[in-house]
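Student: The structure's right below; bear with me while I get my questions together.
Quick note: the coordinates plus some simple rules give every number you see, no bench work behind them. Only a predicted model underlies this, so the values are computations on that prediction, with no experimental measurement involved. Using ideal geometry, Cβ is built from the backbone for each residue, glycine included, and neighbour counts are taken over all protein chains shown.
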Amino acid sequence: MAGLAAAFGSGAMTNSIDEIEDTDLILITGSNTSETHPIIGRMVKRAVERKRAKLIVVDPRKVVMVNFAHVWLRQRPGTDAAWINGLCHVIIKENLWDHEFVASRTEAFEDLRRHIQKYTPEYVEDITGIAADDIRKVARLYANALRAMILYTMGITQHTSGTDNVKALANLAMLCGNIGKEGTGVNPLRGQNNVQGACDMAALPDVLPGHQPITDERVLSTFQQGWSTGVRLSNKPGKTMTEMMSAAFRGDLRALYVMGENPRLSDANAGHVAKALQNLDLLIVQDIFLTETARLADVVLPAASFAEKDGTFTNTDRRVQRVRKGLDPSGNALADWEIICLLARHVCEKIHHNNAAATPTHHPPAMHISCGYWNYTSPEEVFDELAPLSHIYAGISYERIKKSGLQWPCTGRYHPGTPFMHKDVFKRGKGLFHPVDYIPPAEVPDEEYPFYLSTGRLRYHYHTGTMTRRSRGLDYICPEERIQINPEDGRRLDIKDGDLIRVTSRRGSVTGRALLTDRSAPGMVFMTFHFAEVPANVLTNDALDPVSKIPEFKVSAVAVEKVEEGAA
Amino acid sequence: MKQELHTFTLTINGQTVDAAKGRTLLTVARENNIHIPTLCYHEKLRPLGSCRLCIVEVEGTPTPVSACTTPARPGMQVHTHTEFIENLRRETLKLIFLRHPLNCSACEINGYCQLQDLAHEYDISHVDLHSCGMKDLHFNSEPYCTPLITYHPRRCILCGRCAQACIEITEVGAINYKGRGAEAVIAPIKTSYTDPTKCVSCGECMAACPVHALTETMTPGKIKPWKTDRVRTTCTYCGCGCQIELNVMDNSVIGVTPADGGVNRGALCGKGRFGYGFINHTDRLTSPLIRTDGELKEVSWDTALDYIADQLVHILDTHGPDSIGGLSSARCTNEENYLFQKFMRSVIGTNNVDHCARL
Ligand code: SF4
Ligand code: SF4
Ligand code: FES
């Protein structure tokens, strides 16, 4: 979410889900909303069919939402910055932009105006394959709508140019004054239940809770005091997940503690990840199942599921809501928070023990006078510690969210929460236009690998499938991977529905059954990463967006061939 | 309370009540704690007017009208429980029970059923029905539009709530009435040869059914509502953060129902509603494991934690804090993510913390 943070000063969904049904135009891009966020998908449909909102879908795949769209633009994969710039170009050229908003609330508009000149609809058509007139049409629709809301997901961010794509969307919204009002904004729909919360709580290498930069000495000393820890907190940003994997591969990272993730299946270039994990001296995996990653671990710790613990999740529109314990965990499993506390106490004891015993080498023990407080008796006690430290949660307490959640920023006991952000002023002061350029994807189809591969998920499964595939009903209606290809390509390669096919990239190859569907554009293959038997991420490219470090899941080049039954 | 602009008065059973423009007689009655029996009415759906149980008499109108569909008007004089109306209701109910067997003790919602309540209220027992000499009903037994849900035509009272929920809540419209009279059923709408059903397996139809005629096909066992606790929590799947109730019986989750409030407004998708089987799955990890001789073996918590502490501190001493990394999780709570990074930063001393947000 680095793109949004750069433009507005905050990286979360700017507006609320509730507002979808109350806007005049919805632009969805890179999001198969009705499958990944069914509840939001319904709201969009309702807005369109009952409340006369206009719907524009820009997606290389014929996602379900296309059926309700007034306009559907099918761009070539990986060309998002180009069409968004094209819209901005038309809006400026035809003088449809919001002069007052741009003058009073933003800066660097002239940079954008100059930069965008070359993105004429015709130029954009060459890059994206979208007809120039369609670009004009959509630009006018968006600019003329009273209020317009942009929704996007990983289709926009899982590219080497992902951060730029988001900045381009932010440009578009600011240009038309579509931000800081109800029913507007630039809204990333987060895929996992608590991605927002994990970011807010700083499960990230470069910030402390509340999105406060680790490089800020004031912030650092606040936490140093708040945690009353003897260790000097480091101001050196840490490694991202993909960087940790490379470091493990090289032997620079020796130990990895994995809580509730399955990187062996979900990470780009999965073959590389497995080797990296095997290279570690110590791999600790804490999970509810023996996942593919846990199978490689040295120690596995059994955790409680969400139904077996108390706590809070923060949803995609920044709403902090309660999680409540409904039953006891199976066997000797413990809640993750309990395990972390136990582990912290054990490690601290060990350090103290060593302290007392001998003179150490690299890690002067004098630093470890105290390990801070680890005797929490409930998640509520943890929350009461984290809320004031992270500012944006400061006004939230379990008592206040007993019945319904509160949306951050909520900075005081009587603050009502914030349904839409940047009302009178942006978090960073003025909104900043970022001229961005179209950069071709790191890997484009060529003779040897003539297809685009894109990955995503299905309605009935979730992520690497560890949970949904163990829920009988869901596995029953959707038991196996079906690799989606366009019927035209099917004919050409003599592939029929249900045929066994092999998909090969520069990194590996997988075999699975084909599904012929016009949801995939000609020349495009779509796979999910729900199924361990057909691990799509063996194929994907781990080239990273330079800022957000998101791997390029949505575009890689592959070859497709039919496999004789039994030969696989 | 908010001052309504267009308010007026009318009388119900002689009592003068206030009403706002646009309200139905049923709503006005409920606002004033006047009970009118209903079956097909559902708060989340537009009134269907199909069951005729909410009929009332309005002076000056020749026939009874259904309260759920009739707008309140100034000066109306409404009677909800005249002898005539009560008799009509009893007859209507009897007709329903010709199809729906009063077999309550074998039903999983026994004691929690609107129809059963009405049978009590109107003193209807099966004795009334046997005298009719009905011939057996035959239902066309085609499968329901999703294998996750089973349709029981004998129980179905043809109220139409399911089909309406599919249209209004899911915005799909996959089911409708099929056939006529006593042998009518609810059935999938066939759309095209290649894509036979539009159903997305969300279960809203099932949730709307008042009489358990649509049931979950793969429930883990027999549900006893009186032994079931409902625990309000937040769904664990996508980022919408739907508010749900875990239905818990004997320390296992036997169902998920939506809770009011929250972005979902009482609705759910298929994952949220049917995706709970993993919680009590036999594959769940129940004990810490340590790899010995290449295999993961069960050990006690103390052994596992001591082992980790030894190894971590050893690596810390020999290679420094930045040789250790941690991957936290978007699946875990805020509190856990907070503690995880606090542990990595303040005990280990590294900023090597990340999670799967990028993915
Ligand atoms: S499961 Fe959902 S989509 Fe299918 S018939 Fe029922 S309400 Fe409609
Ligand atoms: S299945 Fe249930 S909701 Fe649908 S018509 Fe029959 S009784 Fe009514
Ligand atoms: S409740 Fe009014 S007709 Fe059914």
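Student: Can you give the Rg and Dmax of the range B:7-81 based on its C-alpha atoms, in angstrom?
Tutor: So, for the range B:7-81, Rg and Dmax equal 11.2, 31 Å respectively.
Student: I need the phi-derived Karplus couplings for the range A:105-110: 6.51 cos²θ - 1.76 cosθ + 1.60, θ = phi - 60°, integer Hz, Gly and Pro marked x.
Tutor: 10, 10, 9, 6, 4, 4
Student: What does the convex hull of the Cα atoms come to per residue for the range B:218-284, in Å³? Mind showing how you got there, number by number?
Tutor: Numbers: hull volume 6.1 nm³, N = 67.
Per-residue hull volume (Cα only) is 91 Å³.
Student: Each residue of the range B:213-219 in order: what ³J(HN,Hα) in whole Hz does its phi give by Karplus 6.51 cos²θ - 1.76 cosθ + 1.60, θ = phi - 60°, with x for Gly and Pro?
Tutor: Calculated HN-Hα couplings, in order: 7, 10, 10, 6, 5, 10, 5 Hz.
Student: With bins 10 Å wide starting at 0, give me the P(r) of the range A:195-407 over every alpha carbon pair, in whole percents.
Tutor: Reading the bins upward from 0: 7, 26, 37, 25, 4, 0.
Student: Defining a contact as two alpha carbons under 8 Å apart and six or more residues distant in sequence, what relative contact order in percent does the range B:55-99 show?
Tutor: Values: 34 pairs, mean separation 17.6, N = 45.
Result for the range B:55-99 is 39 percent.
Student: For every helix of n ≥ 4 consecutive DSSP H residues, a contribution of -39,500 (n - 2.57) applies; sum these over chain B, divide by its total residues, and give [θ] at 222 nm rounded to the nearest 500 deg cm²/dmol.
Tutor: -6500 deg cm²/dmol
Student: Any idea what Rg and Dmax come out to for the range A:372-419 if you just take the C-alpha atoms, in Å?
Tutor: In Å, with Rg to one decimal and Dmax whole: 11.2, 35.
Student: At q = 0.04, 0.09 Å⁻¹, work out log10 I(q)/I(0) for the protein assembly as shown with the Debye formula, treating every Cα as an identical point scatterer and leaving solvent out; two decimals please.
Tutor: The calculated log intensity ratios at q = 0.04, 0.09 Å⁻¹ are -0.21, -1.01.
Student: Can you give me the Kirkwood hydrodynamic radius for the range A:2-189, using every pair of distinct Cα atoms, in Å to one decimal?
Tutor: Numbers: mean 1/r = 0.0620 Å⁻¹.
So the Kirkwood estimate lands at 16.1 Å.
Student: So, how do all the Cα-to-Cα distances of the range B:320-359 break down into 10 Å bins, in percent, from 0 on up?
Tutor: 33, 52, 14
Student: Taking the Kirkwood radius as the inverse of the mean 1/r across Cα pairs, report the Rg/Rh of the range A:22-85.
Tutor: Rounded to two decimals, Rg/Rh equals 0.97.
Student: Between B:N87, B:N247, B:N337, which gets the highest mean-square fluctuation from a Gaussian network model of chain B, Cα cutoff 10 Å?
Tutor: Among B:N87, B:N247, B:N337, the largest GNM mean-square fluctuation belongs to B:N337.
Student: In addition: Give or take rounding to whole Å, what are the principal axis extents of the alpha carbon atoms in the range B:134-293, in descending order?
Tutor: Over the range B:134-293, Cα extents along the principal axes are 67, 36, 35 Å.
Student: Continuing with this model, one more query. For chain B, what is the convex hull (Cα atoms) projected area averaged across all directions, in square nanometres?
Tutor: It is 27.8 nm².
Student: In debye to the nearest 20, how big a dipole does the range A:8-78 give about its Cα centre with +1 on each Lys and Arg Cβ and -1 on each Asp and Glu Cβ? Spell out each step's value before the answer.
Tutor: Details: 11 positive and 8 negative charges, 78 e Å.
In total the dipole reaches around 380 debye.
Student: On a C-alpha basis, how far is the centre of the range A:156-227 from the centre of the range A:62-95 in Å? Whole number, if you could?
Tutor: 24 Å
Student: Scanning chain B for helices, which whole DSSP H stretches are 15 Å or more long along the axis (Cα) and average -0.5 or more by Kyte-Doolittle?
Tutor: The answer, listed by residue number, is B:83-99, B:301-319.
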